[in-house]
1. Neighbour counts of other C-beta atoms within 10 Å: give me A:39, B:49 arranged from fewest to most.
2. Can you give the charge dipole size of the range B:40-115 about its Cα centre, rounded to the nearest 20 debye, using +1 on the beta carbon of Lys and Arg and -1 on the beta carbon of Asp and Glu?
3. Taking the C-alpha atoms of the protein assembly as shown, how large are the radius of gyration and the largest Cα-Cα span, Dmax, in Å?
4. Looking at chain A only, what percent of DSSP beta bridges run antiparallel? Nearest 5 please.
5. For residue B:41 and residue B:95, compute 0.36 nm times the residue count separating them, minus their Cα-Cα distance, and round to one decimal in nm.
6. Take peptide A:105-111, look around each residue's Cβ out to 10 angstrom, count Cβ atoms belonging to other protein chains, and average those counts.
7. How compact and how long is the range A:46-105, expressed as Rg and Dmax of its alpha-carbon atoms in Å?
8. Under a cut-off of 20 Å between alpha-carbon atoms, report the aspartates and glutamates in cross-link reach of residue A:58, not counting same-chain residues fewer than 8 places apart.
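Coordinate-derived values only; no laboratory data. Just so it is clear, the model here is predicted, and its values are computed rather than measured. Please note: Cβ atoms are built from the backbone with ideal geometry, for glycine as well, and neighbour counts cover all protein chains shown.
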Amino acid sequence: AQSVTQLGSHVSVSEGALVLLRCNYSSSVPPYLFWYVQYPNQGLQLLLKYTSAATLVKGINGFEAEFKKSETSFHLTKPSAHMSDAAEYFCAVEEGSQGNLIFGKGTKLSVKP
Amino acid sequence: KAGVTQTPRYLIKTRGQQVTLSCSPISGHRSVSWYQQTPGQGLQFLFEYFSETQRNKGNFPGRFSGRQFSNSRSEMNVSTLELGDSALYLCASSSEPGLQYYEQYFGPGTRLTVT
């Protein structure tokens, strides 16, 4: 069965620094991978979705993620962090014949001024 | 364009009762999916409906069921409530699955407390 690992439950970066949030999936190449963001006391938002059309996926708010099959990874990056990026980020993969969506445990991103 | 609407926003139920939650998607979206979020288990996928048919399903017991109507509105039902069902239930509306340009929007959630 598929599993999703997000390395680091908390990540802290300085404003203007690179944001790198790590996500690894466990087994066979999933059809779809996702990154979601949840701002404090707000709902979930879809950041981006990988559909095999391209390995580098651009999302909203300047985020992008690269699918690397050899590393079973789908890490999320942003070149320059803003204070407004402080939130919790979730990676998810779709698996199995039932199309179950498996979420990682989330990474809380803090941005220091 | 109006966002995803979930009703009710807050609900308190007693163990053993049943509950029905409602979700109205964004106009034009035919796919609705449901999620449970708890501090202990995190985010978990319940199911997805597209054009009134269940398309994808998570690993929840049969007490959790859903349906979608011809106007794309969806309901989720939980029977024989357990204390562990206390959670934030999120609904999302999305464009047709598989499209290269894919959009998905979440509702504010229904906070269910089971006592």
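1. Working: A:39 13, B:49 24.
With the fewest neighbours first, A:39, B:49 line up as A:39, B:49.
2. Numbers: 6 positive and 7 negative charges, 23 e Å.
Value, rounded to 20: 120 debye.
3. Cα radius of gyration and Dmax of the protein assembly as shown are 17.4, 52 Å respectively.
4. Details: 33 of 38 bridges.
Within chain A, antiparallel bridges account for around 85 percent of the total.
5. Values: separation 54, 0.36 × 54 = 19.44 nm, distance 2.75 nm.
Result: 16.7 nm gained on full extension.
6. Numbers: counts 3, 2, 0, 0, 0, 0, 0.
Whole-number average of other-chain Cβ neighbours for A:105-111 is 1.
7. Rg then Dmax for the range A:46-105, in Å: 12.6, 40.
8. A:66, A:71, A:85, A:88, A:94, B:96, B:103
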